[in-house]
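> This structure is in structure tokens; I'll ask about it shortly.
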Amino acid sequence: MTDTNPDPTIVEVDLEAGEAEKSFLEGKTTAVLAYNGTVPGPLIEANVGDTLIVHFKNSLSEETTIHWHGIRLPNDMDGAPAVQRPIAAGDAFTYQFKLKDAGFFWFHPHVMEEEQIRKGLFGVIRVRGQDEPQADDEKIVVLGDALLKEDGSFDDEVDDDMIMLGREGNVLLVNGRTMPTLELEPGALTRLRIVNVANGRFFNLALPGHAFRVIGTDGGLIPKPYDAERLLVAPGERYDVLLIGQGEPGAEIVLTNEAYARGHDTGEAAPMPLATVRIGEGPALSGRTLPDSGPAIERLPGGAADTTITFDERYIQGVLKFLVDGNTYPDVPPIEVERGSTHVFDLKNDAEMDHPFHLHGFFFQVLARDGVPVADDALANKDTLILPQLSTTTVVARFDEPGDWMYHCHILEHAERGMMGELVVSP
Ligand code: C2O
Ligand code: CU
Ligand code: CU
């Protein structure tokens, strides 16, 4: 996006949500919803500590809001239903907040999000820090999908399976495109900033002959990078990885989405191709190597759980409901915490499928899985986390910003059917 403010510490941009056309399938057009006419929306670039000002205009024929997923910000700028009245069709709103953290974040509506996001309303924000890892190249990888009919238009049908598992598209998209080509220079270090913006699909990435060196996640860089053969990315999650291009110049390999059993006997789906990766012609080796360590993160204190939140799903009078502590939002009683306090939660998933838990406005750290402490060097700041089926995950967060915050499952079909709650931080 074009920064219209001459002050180097202020990023000021114009953003408009509206209707547009896009071609996902060759020779066919799809009527999409888009930010500034593009899917994904335009990239916002800033440095840590900058102030971001977004002059937003709603040119849709319905209301919307913008939620800044993963950004720690004042409550009245969060764009969530509990705190911001939706912006009516034709109205405008200016968001303004400081970018406290370096990392890779995204933005999307938080009213009618199930439909507005899958139809194209999502964009990413890259916030650079003081100590960025060295790489020869850097690419943004926005993973998504679309359920399209023969004629290219969105299939809006909903059935129980789509509700149960989250809607999965029949077309896989990388940066809004089907099977794009990604160049990797042999021997060179390529950094990928990955986000999953799909409503319900989990991506489980594999690239033959390559491992992903994970150097960061939702809340920025991690102190102890690690290698992953498969990179599982749930809806809403981000990963920051480094790859060393391997192979003969000109060789082509395929980045695939591998099967992943996330419950309800989804079975072994065949790997699905996502993108062609082409090994480039050079340049000569940069001599850069994969980092073994990253910046330190302040570890939050652990302890016994202060609050248990239980997620489940059940048919209630023939209708599939997604529950938080036995209720559906907005009937879920808010959790109250004191400003400045550190709070430990047991996140209990009683369902027979994985649910990606997401908290607005704060990062959290995983302390234990089913009572077993996680390794010390797995420390990471998360805002979205897979809660495996029939298990309990213990996490800790510090609440330094007052207001009415939301937490929910990031499978949007579940969030809209009740799997959402509020967390109130006292002033
Ligand atoms: Cu991307 Cu309330 O979430
Ligand atoms: Cu969010
Ligand atoms: Cu869910």
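The values are calculated or read from the model by the stated rules, or taken from the named source; none is laboratory data. Since the model is a prediction, treat every value here as computed from it, not as a measurement. Note that each Cβ is placed from the backbone with ideal geometry, even for glycine, and that neighbours are counted across all protein chains shown. Calculation scope for accessible area: heavy atoms of the full protein, side chains included, ligands and nucleic acids excluded. Shrake-Rupley method; radii C 1.70, N 1.55, O 1.52, S 1.80 Å.
> Taking the condition of being in contact (Cβ under 8 Å) with a residue 40 or more places away in the chain, open to solvent by 10 Å² or more (accessible area, probe 1.4 Å) and touching an Asp or Glu at 6+ places or on another chain (Cβ under 7 Å), how many residues in segment 372-427 meet it?
13
> Is it the case, given these coordinates, that residue 209 is of a type in the set (Gly, Ala, Ser), at pLDDT 95 or above and either closer than 25 Å to residue 298 by Cα or out of contact with any strand residue (DSSP E or B) (no Cβ under 7 Å at 6 or more places or on another chain) (or both)? Before the answer, list the steps.
Values: of a type in the set (Gly, Ala, Ser): yes; at pLDDT 95 or above: yes; either closer than 25 Å to residue 298 by Cα or out of contact with any strand residue (DSSP E or B) (no Cβ under 7 Å at 6 or more places or on another chain) (or both): no.
So residue 209 fails the test.
> Let me ask something else about it. Considering only residues that are of a type in the set (Gly, Ala, Ser) and more than 8 Å from ligand 3 (Cβ to nearest atom), which ones fall in segment 405-427?
At the first step, the residues of segment 405-427 found to be of a type in the set (Gly, Ala, Ser) are 415, 418, 421, 426.
Within segment 405-427, 418, 421, 426 meet the criteria.
> Do we find that residue 361 is among the small types (Gly, Ala, Ser), outside any loop (DSSP other than H, G, I, E, B) and either within 12 Å of ligand 3 (Cβ to nearest atom) or under 23 Å from the mean Cα position of the chain (by Cα) (or both) in this structure?
Numbers: among the small types (Gly, Ala, Ser): yes; outside any loop (DSSP other than H, G, I, E, B): no; either within 12 Å of ligand 3 (Cβ to nearest atom) or under 23 Å from the mean Cα position of the chain (by Cα) (or both): yes.
The answer is no for residue 361.
> Continuing with this model, one more query. Looking for whichever is farther than 22 Å from residue 217 by Cα, within 16 Å of ligand 3 (Cβ to nearest atom) and open to solvent by 60 Å² or more (accessible area, probe 1.4 Å) here; the options are 325, 306. Which one fits?
Numbers: 306 fails: within 16 Å of ligand 3 (Cβ to nearest atom).
On inspection, the qualifying residue turns out to be 325.
> Moving on to the next point. Please report, ordered by residue number, the strands (runs of 3 or more DSSP E) entirely within segment 196-235 with at least 2 residues that are charged (D, E, K, R).
220-228
> Test residue 314 against the criterion of being at pLDDT 95 or above and either farther than 30 Å from residue 250 by Cβ or within 26 Å of the chain's Cα centre (by Cα) (or both), and give yes or no.
Numbers: at pLDDT 95 or above: no; either farther than 30 Å from residue 250 by Cβ or within 26 Å of the chain's Cα centre (by Cα) (or both): yes.
Judged against the criteria, residue 314 is not a match.
> Okay, next question. Considering every residue within segment 344-356, establish whether at least one is among the basic types (Lys, Arg), within 16 Å of ligand 3 (Cβ to nearest atom), touching a strand residue (DSSP E or B) at 6+ places or on another chain (Cβ under 9 Å) and more than 23 Å from residue 216 (Cα to Cα).
Our first condition is that a residue be among the basic types (Lys, Arg); within segment 344-356, this holds for 348.
From the residues that got through so far, the ones that are within 16 Å of ligand 3 (Cβ to nearest atom) too are 348.
Next cut, touching a strand residue (DSSP E or B) at 6+ places or on another chain (Cβ under 9 Å) only: 348.
Next cut, more than 23 Å from residue 216 (Cα to Cα) only: 348.
So far as segment 344-356 goes, yes, one or more of its residues are among the basic types (Lys, Arg), within 16 Å of ligand 3 (Cβ to nearest atom), touching a strand residue (DSSP E or B) at 6+ places or on another chain (Cβ under 9 Å) and more than 23 Å from residue 216 (Cα to Cα).
> So, restricting to strands (runs of 3 or more DSSP E) that lie completely within segment 1-73, which ones have at least 2 residues that are more than 16 Å from ligand 1 (Cβ to nearest atom) and closer than 19 Å to residue 114 by Cα? Reasoning before the result, please.
On the way: elements: 10-22, 30-35, 44-47, 51-58, 67-69.
Output list reads 10-22, 30-35.
Residues checked against (1) without any contact (Cβ under 8 Å) to a residue 24 or more places away in the chain; (2) of a type in the set (Val, Ile, Thr); (3) touching a Pro at 6+ places or on another chain (Cβ under 8 Å); (4) not in a loop (DSSP other than H, G, I, E, B):
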position	(1), (2), (3), (4)
93	no, no, no, yes
96	no, no, no, yes
107	no, no, no, yes
117	no, yes, yes, yes
130	no, no, no, no
133	no, no, yes, no
141	no, yes, no, yes
150	yes, no, no, no
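> Still on this structure, please answer the following. Condition first: small (Gly, Ala, Ser) and either over 22 Å from the mean Cα position of the chain (by Cα) or under 28 Å from residue 109 (Cβ atoms) (or both). Now tell me which residues in segment 369-390 satisfy that.
371, 375, 380
> Shifting gears a bit: Within 16 Å of ligand 1 (Cβ to nearest atom), more than 18 Å from residue 100 (Cβ to Cβ) and in contact with a strand residue (DSSP E or B) (Cβ under 6 Å, 6 or more places away or on another chain), is that true of residue 332?
Values: within 16 Å of ligand 1 (Cβ to nearest atom): yes; more than 18 Å from residue 100 (Cβ to Cβ): yes; in contact with a strand residue (DSSP E or B) (Cβ under 6 Å, 6 or more places away or on another chain): yes.
Answer is yes for this residue.
> Follow-up question, since we're still on this one. So which of 193, 201 ends up being crowded, with 17+ Cβ neighbours inside 10 Å and within 25 Å of residue 20 (Cα to Cα)? Working first, answer last.
Details: 193 fails: within 25 Å of residue 20 (Cα to Cα).
Result: 201 is the single residue among 193, 201 that is crowded, with 17+ Cβ neighbours inside 10 Å and within 25 Å of residue 20 (Cα to Cα).
> Within segment 272-288, track down each residue that is at pLDDT 90 or above and either open to solvent by 70 Å² or more (accessible area, probe 1.4 Å) or outside any loop (DSSP other than H, G, I, E, B) (or both). Walk me through how you get there before you give the answer.
Start the filter on segment 272-288 by keeping residues that are at pLDDT 90 or above, which leaves 272-280.
Scanning segment 272-288 gives 272, 273, 274, 275, 276, 277, 278, 279.
> Given the residues 331, 312, which is the only one that is of a type in the set (D, E, K, R), within 28 Å of residue 165 (Cβ to Cβ) and not in a loop (DSSP other than H, G, I, E, B)?
Numbers: 331 fails: not in a loop (DSSP other than H, G, I, E, B).
Just a single option satisfies the conditions, and that option is 312.
> Just the residues that are in contact with a Pro (Cβ under 7 Å, 6 or more places away or on another chain) and within 16 Å of ligand 1 (Cβ to nearest atom), please, taken from segment 358-384.
Correct list: 384 only.
> Can you pull out the residues in segment 364-391 that are within 16 Å of ligand 3 (Cβ to nearest atom) and out of contact with any Leu (no Cβ under 7 Å at 6 or more places or on another chain)?
Applying the first criterion (within 16 Å of ligand 3 (Cβ to nearest atom)) to segment 364-391 yields 383-391.
Result: 384, 385, 386, 388, 389, 390, 391.
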